[in-house]
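Report on the following structure.
The values are calculated or read from the model by the stated rules, or taken from the named source; none is laboratory data. Predicted model only: the values in this text are computed from it and were never measured. Methodologically, a virtual Cβ is constructed for each residue, glycine included, from the backbone with ideal geometry; neighbour enumeration extends over all protein chains shown. Ligands, DNA and RNA are stripped out before the accessible areas are found, and what is left, the full protein with its side chains, is counted by its heavy atoms. Shrake-Rupley method; radii C 1.70, N 1.55, O 1.52, S 1.80 Å.
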Amino acid sequence: TLNNATFTYTDKNIVNGERAYYGVAAVESTGVRGSLQKDKFNVFISAPVIKKYKNTSLGVKVYWEPVAGAEKYRIIRKTEGGKWEKVKTVSAKTLGGTDKNAVPGVKYYYSVKAIAGSYTNRNSAIVGYKIEPPKGIKTKLAGSGVKISWQGVQCADYYAVYRKDDAGNW
């Protein structure tokens, strides 16, 4: 039951793979109900939850949580003001995929669709960038330490400097 200024409702109790039918009726304060307006909703499949993205040498990799009943997943992306485009489709056993065509420095919105038969549901988008590794890394002695310098890269919010010891640990 919803107030007369509410025109939407989300059924959060539906189960993946369940076929459901919905109806809405207007009701007077006296309890008199108008006719029921019906609509059929075929099969429900929940939207995947994106866990994270990371930059790899191959491109931007997006990871998500599994969805019960999903037969496959489709990664899609768009740029600011652009249209959604398919990156790739993967099997239901695969919970991550790489956008190998991401251009360094371009802001992308990534989303993942769960697919079951002809039904799909997608999550809200995550923003991701492909970040190239810094180039031109140079080291030299500098008084009481070692000075490390490099060329800046697009989209870097900060840089992390690592040191490797003789045991091979970073």
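What number of residues within the stretch 113-170 are among the hydrophobic types (A, V, I, L, M, F, W, C) and modelled with pLDDT of 85 or more?
Initial filter on the stretch 113-170 (among the hydrophobic types (A, V, I, L, M, F, W, C)): 114-116, 125-127, 131, 137, 141-142, 146, 148, 150, 153, 155-156, 160-161, 167, 170.
So of that shortlist, the ones also modelled with pLDDT of 85 or more come out as 114-116, 137, 141-142, 146, 148, 150, 160-161, 167, 170.
Of the residues in that region, 13 qualify.
Mind checking whether some residue in the stretch 99-122 is under 13 Å from the mean Cα position of the chain (by Cα), of a type in the set (Gly, Ala, Ser) and on the phi < 0 side of the Ramachandran plot? Reasoning before the result, please.
Going residue by residue through the stretch 99-122, those that are under 13 Å from the mean Cα position of the chain (by Cα) are 99, 108-114, 121-122.
With the extra rule that they be of a type in the set (Gly, Ala, Ser), the set shrinks to 111, 114.
Narrowing further to those that are on the phi < 0 side of the Ramachandran plot: 111, 114.
Yes.
Would you check which residues across the stretch 30-69 are part of a strand (DSSP E or B) and among the hydrophobic types (A, V, I, L, M, F, W, C) and list them?
Here is the first cut: in the stretch 30-69, the residues part of a strand (DSSP E or B) are 33, 37-43, 50-55, 60-64.
Scanning the stretch 30-69 gives 41, 43, 50, 60, 62, 64.
Among the residues in the stretch 70-87, are any touching a residue at least 24 places away in the same chain (Cβ under 8 Å), outside any strand (DSSP E or B), open to solvent by 60 Å² or more (accessible area, probe 1.4 Å) and aromatic (Phe, Trp, Tyr)? Spell out the reasoning first.
Taking the stretch 70-87 first, the residues touching a residue at least 24 places away in the same chain (Cβ under 8 Å) are 70-80, 84.
Next, only the ones that are outside any strand (DSSP E or B) stay: 70-71, 80, 84.
Remaining after also requiring open to solvent by 60 Å² or more (accessible area, probe 1.4 Å): 71, 80, 84.
Now restrict to residues that are aromatic (Phe, Trp, Tyr): 84.
Looking through the stretch 70-87, at least one residue is touching a residue at least 24 places away in the same chain (Cβ under 8 Å), outside any strand (DSSP E or B), open to solvent by 60 Å² or more (accessible area, probe 1.4 Å) and aromatic (Phe, Trp, Tyr).
So, in the stretch 1-37, of the ones that are more than 29 Å from the chain's Cα centre (by Cα) and of a type in the set (S, T, N, Q), which residue ends up surrounded by the most Cβ atoms within 10 Å (Cβ to Cβ)?
Checked the stretch 1-37; the qualifying residue surrounded by the most Cβ atoms within 10 Å (Cβ to Cβ) is 37.
How many of the residues making up the stretch 58-68 are touching a residue at least 40 places away in the same chain (Cβ under 8 Å) and surrounded by fewer than 19 Cβ atoms within 10 Å (Cβ to Cβ)? I'd like the intermediate steps shown before the answer.
Narrowing the stretch 58-68 to residues touching a residue at least 40 places away in the same chain (Cβ under 8 Å): 58-60, 62, 64, 67-68.
Among the residues that remain, those that are also surrounded by fewer than 19 Cβ atoms within 10 Å (Cβ to Cβ) are: 58-59, 68.
So the count comes out to 3.
What is the residue count in the stretch 119-170 for residues that are assigned to a loop (DSSP other than H, G, I, E, B) and open to solvent by less than 100 Å² (accessible area, probe 1.4 Å)?
21
Counting only residues that are of a type in the set (A, V, I, L, M) and not in a loop (DSSP other than H, G, I, E, B), which one in the stretch 88-118 is surrounded by the most Cβ atoms within 10 Å (Cβ to Cβ)?
Per the stated criteria, the residue is 112.
Do the conditions hold for residue 16, that is, is it at pLDDT below 80 and either on the phi > 0 side of the Ramachandran plot or not in a loop (DSSP other than H, G, I, E, B) (or both)? Break it down into steps so the answer makes sense when it comes.
Working: at pLDDT below 80: yes; either on the phi > 0 side of the Ramachandran plot or not in a loop (DSSP other than H, G, I, E, B) (or both): no.
No: the conditions fail for residue 16.
Restricting attention to the stretch 119-152, which residues are under 21 Å from residue 104 (Cβ atoms) and small (Gly, Ala, Ser)?
Applying the first criterion (under 21 Å from residue 104 (Cβ atoms)) to the stretch 119-152 yields 125-137, 149-152.
Hits for the stretch 119-152 are 125, 128, 136, 149, 152.
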